[in-house]
Each structure stands twice: as structure tokens, then as C-alpha cells.
1. Would you mind listing the helices (runs of 4 or more DSSP H) fully within segment 1-119 where at least 3 residues are in contact (Cβ under 8 Å) with a residue 60 or more places away in the chain?
2. Considering only residues that are on the phi < 0 side of the Ramachandran plot and crowded, with 24+ Cβ neighbours inside 10 Å, which ones fall in segment 58-70?
3. Does segment 9-30 hold any residues that are of a type outside the set (K, R), within 16 Å of the ligand (Cβ to nearest atom) and surrounded by 12 or more Cβ atoms within 10 Å (Cβ to Cβ), and which are they?
4. What residue, of H112, H139, is surrounded by fewer than 19 Cβ atoms within 10 Å (Cβ to Cβ), within 12 Å of the ligand (Cβ to nearest atom), at pLDDT below 95 and of a type outside the set (G, A, S)?
5. Take the residues in segment 66-109 that are of a type in the set (A, V, I, L, M, F, W, C) and within 9 Å of the ligand (Cβ to nearest atom); name whichever of them is nearest to the chain's Cα centre (by Cα).
6. Identify the residue in segment 79-109 that is touching a Leu at 6+ places or on another chain (Cβ under 6 Å) and more than 18 Å from A168 (Cα to Cα) and, among all such residues, is surrounded by the fewest Cβ atoms within 10 Å (Cβ to Cβ).
7. Just a yes or no: is a residue in segment 168-187 among the aromatic types (F, W, Y) and closer than 24 Å to T114 by Cβ?
8. Between I226, I198, which is exposed (fewer than 15 other Cβ atoms within 10 Å of the Cβ) and at pLDDT 80 or above?
Amino acid sequence: MTRPASVWNTAPTSAPAQRKDRYVPGSSAHPAKMHPGIAAHAIRTYTHPGDLVLDPMCGIGTTLVEALHLGRNALGVEYEPRWATLASLNTRSAAQKTGAGSGIVRCGDARHLTDLAPADARGEVALVITSPPYGPSVHGQVRSSRETGAPGVVKKDFRYGHDRANLAHVPTTHLIEAFTEILAQCRTMLRPGGTAVITTRPWRERGELIDLPSAVLAAGKTVGLIPSQRCVALLAGIRNGRLITRPSFFQMKNVRDARRQGTPLSVVQHEDALIFTRPVKALPDPSWPDTAHRSGT
Ligand SMILES: C[S@@+](CC[C@H](N)C(=O)[O-])C[C@H]1O[C@@H](n2cnc3c(N)ncnc32)[C@H](O)[C@@H]1O
């Protein structure tokens, strides 16, 4: 029996290797996909076959595809039509391949999740798994001069679209407010005792640390979710007891630029996975008088 650990060995192979043959063409263009191993680990740990998994900001549908391959049902919402279409195609293809489970993708703003989701899914979700868009340091791809024939490297797929309503474009305080609203909607969708796994990480803006994990932790508590664990989901592999790092071009560049300016940054090789539980019993509403007051005793 494997013992539950707070460090998740989620990247024994690279993300592209884990994605092989599971995604329709065009999917790799999304600038900030979740590592499939992280989604798979959370789904195995917190759900059973037949359960419903929800991602309110599902991008190209990594979490949904992993859920279907593990015999769960999947429901996703994504704001940008381009990614929602790909999520829909990826989900349909996974459902066809596995012959088990059903997948639904809706395009819209997750702040209206409970209106977008099928009515019969409300209060039935076993696991919410998602990651908010964070900071400018998305993953992206590069083409070398050997591939393009042009001098230097060419950046590709490292930004979201230009729609200002995408939360990837808003200032951090606005992102946290909006994500709090999304978590409140997720709480309504979760069944009592259900789990929410939010992957996130801190970043730096002009040298200042933006501690998004702590802000997400506070947001979860605000909406009545109970924080239960804080785990490390590795983006590095482990071989012979050593970490095999797989930094992206952009990570390396950001770290080198920061070091040149005197900030001793390191390459981040994990995501923070914040785990919350929806309480089984409804929390008493502090604004209601209790029974003793009502009966006058
Ligand atoms: C970090 S990415 C998630 C990637 C996804 N896990 C995957 O592997 O493809 C965050 C996603 O949230 C989407 N998004 C931003 N604002 C949103 C909103 N208000 N409602 C729903 N999705 C939103 C972005 O377009 C982006 O695709």
C-alpha cells in the first residue's frame, strides 16, 4: 500500500510524454497547461471511479482528459472560446477512447459557474481541480534559429489572447477577488465532504514577491472551505534519489535576468497544491439567532 505523501512525484516523465496521443492538434498552443501527472495524482487520491470532477478554468481540458482516463466523469468551464473548443474536442476524444464516463465543457465566465453547469451537477462534484492564471511567466514555446532560419530564438504561444475579461490580464488584487467568487461557486457545486485542489505558485513582479498561494488559501477560507493539506507537486523527475529538473526556456531566462539584477531567484520545479474540503455539515450562519435565543431561554 502506498503511503500518502505531501510531496507528489507527479513528473516521472515530461509533460509532452504524458500528453502523447491524448490531445487534438493545436492543444500545445495553450500558454499555461497543467502538468497531466498533477491532475492524475489528485484525481486518484481524492475520488473514486464514477465520481464527477470539475475544473472551472479548464483551458484545453487537461484535468478533464485525465479524469476520463481514470474512469471518472468530467465537467469543465473555460472563458476563451478557442481553448473551450479544444477542451471539448479533447474531452470527447478521451470519452471515445476510454468508453467510460462522460465529459461536458461549457464556454463562459466561471464566476457564473452554477448557471453554466447542468442543474443536476450542483452539490454532486467530488473534486474541483483547477489552477488560476498566474502572472506573466507562463510556459510557452520557443523555436531555435536552426528551425526558423532567422537569427536568435522566436517565442511562441507564451501569452493568452487579448480579451481583457480573461483573468490572466487583470491586476493581482482583481484576480484574487474574482477567484474568491469562483471558489464560492465551486463550494456550491461540491458535495458535502468533497475536495478542492488548487495548484498555484508565487512569482515576482519588479522584484516584489506575489504570494498567490497564501491569497488562495485565504480565499478558500473566506468562502467556507476547510484547508486540509498543502502539498508540493513536482515538475521535476526523480532519478537515483536526485531531482531531474525540466525548466522552460522562459523560466531560465527570467531567473537569469533576475540574478543579473541582483535578485537571487531559483528555478521553481514544483506547484503548490492547496487542498480544501467542503464541510459535511452546513456551518451555522453567524447572523442567525441560535435556538436558545429564539425560544427565549
Ligand atoms: C492556468 S490556465 C488553466 C490550464 C488548464 N489547467 C489546462 O491544462 O489546459 C487558466 C485558464 O483560465 C481561463 N480563464 C481566465 N479567466 C476565466 C474566467 N473568468 N472563467 C473561466 N476561465 C477563465 C484562461 O483562459 C486559462 O485557460
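The values are calculated or read from the model by the stated rules, or taken from the named source; none is laboratory data. Because the structure is predicted, anything quoted here is derived from the model rather than measured. When we count neighbours, we look across all protein chains shown, and the Cβ atoms used for this are built from the backbone with ideal geometry, even at glycine.
1. Details: elements: 15-19, 36-46, 62-69, 81-98, 113-116.
Fully inside segment 1-119 and qualifying: 36-46, 81-98.
2. At the first step, the residues of segment 58-70 found to be on the phi < 0 side of the Ramachandran plot are 58, 60, 62-70.
Matches in segment 58-70: C58, I60, T62, T63, L64, V65, E66, A67, L68.
3. Applying the first criterion (of a type outside the set (K, R)) to segment 9-30 yields 9-18, 21, 23-30.
Within this subset, residues satisfying the condition of being within 16 Å of the ligand (Cβ to nearest atom) are 10-11, 14-18, 23-30.
The answer is T10, A11, S14, A15, Q18, Y23, V24, G26, S27, S28, A29, H30.
4. Numbers: H112 fails: at pLDDT below 95.
Exactly one residue qualifies, and that residue is H139.
5. Initially, segment 66-109 is screened for residues of a type in the set (A, V, I, L, M, F, W, C), giving 67-68, 70, 74-75, 77, 83-84, 86-87, 89, 94-95, 100, 104-105, 107.
When the remaining residues are screened for being within 9 Å of the ligand (Cβ to nearest atom), the result is 77, 83-84, 86-87, 107.
Details: V77: 12, W83: 14, A84: 15, L86: 17, A87: 14, C107: 17 Å.
By that ranking, first place goes to V77.
6. Taking segment 79-109 first, the residues touching a Leu at 6+ places or on another chain (Cβ under 6 Å) are 91, 94-95, 98, 101, 103-104, 106, 108.
Narrowing the set further to residues that are more than 18 Å from A168 (Cα to Cα) leaves 91, 94-95, 98, 101, 103-104, 106.
On the way: T91: 25, A94: 22, A95: 20, T98: 14, G101: 22, G103: 24, I104: 19, R106: 20.
Here the residue is T98.
7. Yes, there is a match, as at least one residue in segment 168-187 is among the aromatic types (F, W, Y) and closer than 24 Å to T114 by Cβ.
8. Working: I198 fails: exposed (fewer than 15 other Cβ atoms within 10 Å of the Cβ).
Answer to the check: I226.
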